[in-house]
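The structure appears right after this line, and notes come after that.
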Protein chains: 2
Amino acid sequence: MITVDEALAHLFSLVSRLEPETVPLREAHGRVLAQDAEARRDQPPFDASSMDGYAVKRSEAVPGASFDVIGESAAGHGFDGTVNAGQAVRIFTGAPVPEGADKVVIQEDVTRDGDRITLGDRLEDKPNIRPRGDDFRIGDRVEAPRLLSPEDVALLASMNVAEVTVTRKPKVALIATGDELVMPGEDPGPDQIIASNSFGLCALLDTLGAEPRMLPIAGDTREALETAFDLAKGADLVVTIGGASVGDHDLVGAVAGDLGMDRAFYKVKMRPGKPLMAGRMGDAAMLGLPGNPVSAMVCGHIFMAPMIRVMQGLPAMPAPRLSAKLATAMPPGSPREHYMRAQVEDGTILPERSQDSGMLSVLARANALLIRPADDAPRAQGDWVDYVPI
Amino acid sequence: MITVDEALAHLFSLVSRLEPETVPLREAHGRVLAQDAEARRDQPPFDASSMDGYAVKRSEAVPGASFDVIGESAAGHGFDGTVNAGQAVRIFTGAPVPEGADKVVIQEDVTRDGDRITLGDRLEDKPNIRPRGDDFRIGDRVEAPRLLSPEDVALLASMNVAEVTVTRKPKVALIATGDELVMPGEDPGPDQIIASNSFGLCALLDTLGAEPRMLPIAGDTREALETAFDLAKGADLVVTIGGASVGDHDLVGAVAGDLGMDRAFYKVKMRPGKPLMAGRMGDAAMLGLPGNPVSAMVCGHIFMAPMIRVMQGLPAMPAPRLSAKLATAMPPGSPREHYMRAQVEDGTILPERSQDSGMLSVLARANALLIRPADDAPRAQGDWVDYVPI
């Protein structure tokens, strides 16, 4: 038996960053930057007003002072001349501060009469100017690797970066195995169940920014499995579901081995979960997940997702964790690391009463996997615990 | 000045749930269920073994007992006969428990010799059987409205639900306004900047499951704005960026009003942020966001995202919040509710040093908006605070 972290270290050794590709900025969100992006300009590109008001010389901005308004500076249309002593330029938020001016008096502090303005009795002290390059300067970088958020995309746009180099999407082939499986919408025989894991894992892969491909269900014969592995060619990662343990009916490992997979079984000290199978076959990495639906989805979050992130060029790390306050006490933990189905709401976390790995309805209701370390001490209500959001 | 919650209440009154549509399960993830989905079968559909082992009568499963192995039950291939006294059936995980048996002895507790098995000295007590319908029963429901997670999709598949009724995606037209704007990749004049908000907001709308459409930049003329509003026809929500305040160069409100918009300006007691504009024009709701990039993105999370969720059929609620522990003390807050750019890591949150709303680079680096209520008391390091993840 190995720990989750040890299993992850093995899995990380099977994958590496995929090749880069260039995409337009509109498609960059959710992708991982593969090459630093560089600002092509200063922002602001000029000293810019941060308020609506009047641009003047700071030294002249004293209570009661009067100025001639000699022009206007609006966003997109700056004032061409220079502000001299006794002069002011009407200015709007985001507009260039004209030459000679170094202060914007906000309009609330000004009385205007024709082309003449007079400052009020109480002036605020701030210059109300954003200096050129205050946000970023030409050559400043957004550094790779980085999973691009909507805010990153906005920043890249303002840097005048129209396309970015990102890691291409990992292609993932999903093979659900087992004579007991039929597709949703089909009419199962009395001994059959519906293939659910491949649908859940496909959706998870979508959210991770991978390119999942669901292959036809493979029955429990060598021929069916060989056909499935053949159809999986071209994938960067082949994920099998079911048949990863070592029972009599678990052909997947044997067939994959015959096809040249250098495979390993990992008995992982975790709940829920069963032995994982993993290895490399040709150009692809392979991950064999347990067929139990709850275990498959949990292992998808805990093992598959971190592998995808490494293929995208992100650091090799466990699934990201958050913290929340326990809504209830918990008895001592088990010798295996436990990923408990739980609900987080308003900063508190409540483990589900049933932790039976047969209960997909409980997993679907949950929005978190509460992590209890192996041999965890009893926990009191109000203790802070870690969880993986799902 | 109104509070954020008051502004949200006004905005919610402008939108309502859109029509439903039916989509295949493969495309259901990230959509909002518009109609309860109903299980078309029991799960498990039969009493199922939860282990690999031998199915026997529980009353006979005592240490040292022997049985004749009369057949096998595998997943997808049940055993047809009945288990009588002194008989056992080889059984695998997920397979139907044969008639007459009510206990599965795990294989680790059994010695097999030909067609004869003998139980060991120490037997575990559990039946190792998942009763029919333990997870869910025919007619059990996944209730609408619900934003469908990968786990929900797995559950729906196992219920044999091949397609689901979801709310159609909200169509959102984005209009960036201002003579100062050019598109990324273009060559800005000396007084111009790059349109960044529409790219960031488009990406945010993607993550929300909306269908954004970026319209061409509208210059500061009536004609340009009228053309833009015309191009926005057919959208469920029209979002304008810039021109939402009441400065001399803010034509958007005036033009929208002339086109029949019943508009309101909301001065919201928040930082960062400026007046919002909102109303209805024909069949569409309209939201006018400030042109400042940081304010536009923050208002996108705090105001636009909750409106989208209502259009998807989700409850009218503020942006979801999480909690984290302050990494540093903070002085007293301001009279306005403050959405501070911050970084959350390992359960602690650190506000960025610069909270200047001109700094898009700071917003992009942040992964959270730390919420300080209006007139918040000083906070100590280690205090728990709320944040909106971004």
Original post:
Is one or more of the residues making up the stretch B:340-348 of a type in the set (Val, Ile, Thr) and free of Cβ contacts under 8 Å to residues at least 40 places away in the same chain?
Top reply: yes
Original post:
Out of all the residues in the stretch A:88-107, which are open to solvent by less than 20 Å² (accessible area, probe 1.4 Å) and of a type in the set (Val, Ile, Thr)?
Top reply: A:89, A:91, A:104, A:105
**OP:** Only residues in the stretch B:119-135 that are more than 17 Å from residue B:89 (Cβ to Cβ) and within 14 Å of another protein chain (Cβ to nearest Cβ) count as the first member; pair them with residues that are part of a loop (DSSP other than H, G, I, E, B) and open to solvent by 50 Å² or more (accessible area, probe 1.4 Å), Cβ under 7 angstrom, at least 6 apart or cross-chain, and list the lot.
**Re:** B:131/B:47; B:132/B:47
Original post:
Does residue B:189 qualify as being within 12 Å of chain A (Cβ to nearest Cβ) and within 27 Å of residue B:292 (Cα to Cα)?
Top reply: yes
Original post:
Considering the stretch A:183-204 alone, what residues qualify as being of a type in the set (Asp, Glu) and either within 14 Å of residue A:241 (Cα to Cα) or surrounded by fewer than 17 Cβ atoms within 10 Å (Cβ to Cβ) (or both)?
Top reply: A:186, A:187
**OP:** Output the residues belonging to the stretch B:82-107 that are within 12 Å of chain A (Cβ to nearest Cβ) and not in a loop (DSSP other than H, G, I, E, B).
**Re:** B:90, B:91, B:96, B:106, B:107
Original post:
Residue check: is residue B:234 among the small types (Gly, Ala, Ser) and within 8 Å of chain A (Cβ to nearest Cβ)?
Top reply: no
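Yes/no per residue for (1) over 30 Å from residue B:180 (Cβ atoms); (2) at pLDDT 95 or above; (3) not acidic (Asp, Glu):
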site: A:137; (1), (2), (3): no, yes, yes
site: A:143; (1), (2), (3): no, yes, no
site: A:149; (1), (2), (3): no, yes, yes
site: A:162; (1), (2), (3): no, yes, yes
site: A:165; (1), (2), (3): no, yes, yes
site: A:168; (1), (2), (3): yes, yes, yes
site: A:173; (1), (2), (3): yes, yes, yes
Original post:
How many of the residues in the stretch B:148-176 are farther than 11 Å from residue B:28 by Cβ, open to solvent by less than 10 Å² (accessible area, probe 1.4 Å) and touching a residue at least 40 places away in the same chain (Cβ under 8 Å)?
Top reply: 10
Original post:
How many residues, within the stretch B:127-146, are open to solvent by less than 50 Å² (accessible area, probe 1.4 Å) and in a loop (DSSP other than H, G, I, E, B)?
Top reply: 6
Original post:
Somewhere in the stretch B:50-65, is a residue touching a residue at least 60 places away in the same chain (Cβ under 8 Å), touching a helix residue (DSSP H, G or I) at 6+ places or on another chain (Cβ under 9 Å) and part of a strand (DSSP E or B)?
Top reply: yes
**OP:** Report yes if some residue within the stretch B:285-303 is touching a strand residue (DSSP E or B) at 6+ places or on another chain (Cβ under 9 Å), among the aromatic types (Phe, Trp, Tyr) and modelled with pLDDT under 90; otherwise report no.
**Re:** no
Subject >> Residues (touching a Leu at 6+ places or on another chain (Cβ under 9 Å), assigned to a strand (DSSP E or B) and facing chain B (nearest Cβ under 8 Å)) located in the stretch A:147-185 >> reply: A:163
Original post:
In the list B:221, B:207, which residue meets the criterion of being within 28 Å of residue A:132 (Cα to Cα), hydroxyl-bearing (Ser, Thr, Tyr) and open to solvent by 10 Å² or more (accessible area, probe 1.4 Å)?
Top reply: B:221
Original post:
Can you find a residue in the stretch A:247-257 that is at pLDDT 95 or above, open to solvent by less than 20 Å² (accessible area, probe 1.4 Å) and out of contact with any Leu (no Cβ under 6 Å at 6 or more places or on another chain)?
Top reply: no
Original post:
Among the numbered criteria (1) surrounded by fewer than 22 Cβ atoms within 10 Å (Cβ to Cβ); (2) over 30 Å from residue B:204 (Cα atoms), which single criterion is violated by residue A:42?
Top reply: (2)
**OP:** Return the total of residues in the stretch B:362-381 being in contact (Cβ under 8 Å) with a residue 40 or more places away in the chain, more than 12 Å from residue B:350 (Cβ to Cβ) and under 22 Å from the mean Cα position of the chain (by Cα).
**Re:** 3
Original post:
Looking at the stretch A:260-361, what strands (runs of 3 or more DSSP E) fall wholly within it and have at least 3 residues that are open to solvent by 10 Å² or more (accessible area, probe 1.4 Å)?
Top reply: A:262-266, A:322-326, A:337-345, A:348-351
Subject >> Lone qualifier among B:264, B:305, B:285, B:256 - being farther than 19 Å from residue A:53 by Cβ, within 25 Å of the chain's Cα centre (by Cα) and more than 14 Å from every other protein chain (Cβ to nearest Cβ) >> reply: B:285
Subject >> Restricting the stretch B:48-60 to residues that are open to solvent by 20 Å² or more (accessible area, probe 1.4 Å) and in contact with a strand residue (DSSP E or B) (Cβ under 6 Å, 6 or more places away or on another chain), the residue that is farthest from the other protein chains (Cβ to nearest Cβ) >> reply: B:58
Original post:
What are the residues in the stretch A:267-277 that are closer than 15 Å to residue A:242 by Cβ and away from every other protein chain (no Cβ under 14 Å), if any?
Top reply: A:276, A:277
Subject >> The listed residue being at the interface with chain A (Cβ under 10 Å from one of its Cβ atoms), modelled with pLDDT of 95 or more and outside any loop (DSSP other than H, G, I, E, B), out of B:40, B:26 >> reply: B:26
**OP:** Output the number of residues of the stretch A:362-373 satisfying the condition of being part of a loop (DSSP other than H, G, I, E, B) and open to solvent by 20 Å² or more (accessible area, probe 1.4 Å).
**Re:** 2
Original post:
Mind checking whether some residue in the stretch B:12-22 is open to solvent by 60 Å² or more (accessible area, probe 1.4 Å), closer than 30 Å to residue B:306 by Cα and touching a helix residue (DSSP H, G or I) at 6+ places or on another chain (Cβ under 9 Å)?
Top reply: yes
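The values are calculated or read from the model by the stated rules, or taken from the named source; none is laboratory data. A quick note: this is a predicted structure, and the numbers were derived from the prediction, not measured. When we count neighbours, we look across all protein chains shown, and the Cβ atoms used for this are built from the backbone with ideal geometry, even at glycine. Side chains are part of the model used for accessible areas, which takes the heavy atoms of the whole protein and leaves out ligands, DNA and RNA. Shrake-Rupley method; radii C 1.70, N 1.55, O 1.52, S 1.80 Å.
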